[in-house]
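The values are calculated or read from the model by the stated rules, or taken from the named source; none is laboratory data. None of the values given here were measured: they were computed from a predicted structure. Cβ sites come from the backbone with ideal geometry, for glycine too, and all protein chains shown count toward neighbours.
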């Protein structure tokens, strides 16, 4: 399943990679979020994909939920429209996800498209304030991620989910719109007792940051807002109460790196760029506050499928913790 919004040529390359899969008997669903570049028509005409058309951009979460509802298979694979899958990708994910009943998710080895010697993501890690990012992001691929193993959750860029699990716990939380949505779904699945298996033989190449761009203020706002929403919805209270401390620690580390022209702040150069970052973070925090009552109501509903007690959730998050330098 592929979600698309005005990325015709990227989508063409993505769908072409699916025609080369060694797996057979799968259905390709494209959920198009109101594209005006002819990409939906191209997907139907050139690839025979089943296209669900939206009249507006409903976001990554709502579009994925539409595709999940329409899908007929026992397992659902997600692939970003800016990613291209190696031929064994789908069959390897299926083998991992179907290996044991408690495996509800399978994660891919995602490489940087422009430089496939570097890792984009090999599963996910998280900082205790809720900020999450890919395991191994930016590392040279020296084989250190070539072992099949359990990881925290998969990146939604290239992942597989057991459909019965999604029926039990629900799909993507549409309040997130985009960014951290895969983290929220993954942690919710872990709380429900499911596990995630990373398989290095399921390889994808990904154009990093092509949806909104690394220098997008809206992207920063969504990331910050959803970091707060993720923690408020799913973190144990013992960790949630420490959230302001960890957040301040991360901001301080980011400021130090920015002083040396390192870290993600390089995409926002100069004093003006730093002010844009500050404005985006404040906008994200205020956006989270507006949604907080609804998110806390959803937090109360987690009890109906919880298998992992709060102390075990805390242990799980800290066991898969990002270092301060990694997150900054």
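Things worth noting here:
- Between 130, 134, 138, the distinction of being within 14 Å of residue 326 (Cα to Cα) and touching a helix residue (DSSP H, G or I) at 6+ places or on another chain (Cβ under 6 Å) belongs to 130 only.
- Looking only at residues of the stretch 307-326 that are at pLDDT below 95 and part of a helix (DSSP H, G or I), we find that the one that is surrounded by the fewest Cβ atoms within 10 Å (Cβ to Cβ) is 325.
- In the stretch 79-99, the residues that are surrounded by fewer than 19 Cβ atoms within 10 Å (Cβ to Cβ) and either in contact with a helix residue (DSSP H, G or I) (Cβ under 9 Å, 6 or more places away or on another chain) or free of Cβ contacts under 8 Å to residues at least 40 places away in the same chain (or both): 87, 98
- Residues satisfying the stated conditions in the stretch 20-39, i.e. in contact with a helix residue (DSSP H, G or I) (Cβ under 7 Å, 6 or more places away or on another chain) and on the phi < 0 side of the Ramachandran plot: 21, 22, 23, 26, 28, 29, 30, 31, 32, 33, 37, 39
- Top-ranked residue of the stretch 193-210 - restricted to ones that are surrounded by fewer than 18 Cβ atoms within 10 Å (Cβ to Cβ) and part of a loop (DSSP other than H, G, I, E, B), ranked as modelled with the highest pLDDT: 193
- Criterion applied to 68, 76, 52 was being buried (at least 17 other Cβ atoms within 10 Å of the Cβ), in the same structural domain as residue 182 (by TED's automatic domain parsing), free of Cβ contacts under 8 Å to residues at least 40 places away in the same chain and not in a loop (DSSP other than H, G, I, E, B), and the one residue passing it is 52.
- Scan of the stretch 27-49 for residues that are closer than 23 Å to residue 74 by Cβ and surrounded by fewer than 16 Cβ atoms within 10 Å (Cβ to Cβ), ordered by number: 27, 48
- In the set 84, 150, only one residue is farther than 23 Å from residue 17 by Cβ, part of a strand (DSSP E or B) and either touching a strand residue (DSSP E or B) at 6+ places or on another chain (Cβ under 7 Å) or at pLDDT below 95 (or both); that residue is 150.
- Any hit, the stretch 112-120, residues being outside the structural domain of residue 323 (by TED's automatic domain parsing), at pLDDT 95 or above and buried (at least 24 other Cβ atoms within 10 Å of the Cβ): yes
- When we screen 145, 179, 161 for residues that are touching a residue at least 40 places away in the same chain (Cβ under 8 Å), in the same structural domain as residue 28 (by TED's automatic domain parsing) and surrounded by fewer than 22 Cβ atoms within 10 Å (Cβ to Cβ), the only hit is 145.
- Matching residues in the stretch 267-306 - criterion: being outside any helix (DSSP H, G or I) and either at pLDDT below 95 or surrounded by fewer than 12 Cβ atoms within 10 Å (Cβ to Cβ) (or both): 268, 269
- Residue ID - farthest from residue 157 (Cα to Cα), chosen from residues in the stretch 1-34 that are in a loop (DSSP other than H, G, I, E, B) and touching a strand residue (DSSP E or B) at 6+ places or on another chain (Cβ under 6 Å): 34
- Hey, residue 101 on the phi < 0 side of the Ramachandran plot and in contact with a strand residue (DSSP E or B) (Cβ under 8 Å, 6 or more places away or on another chain) or not: no
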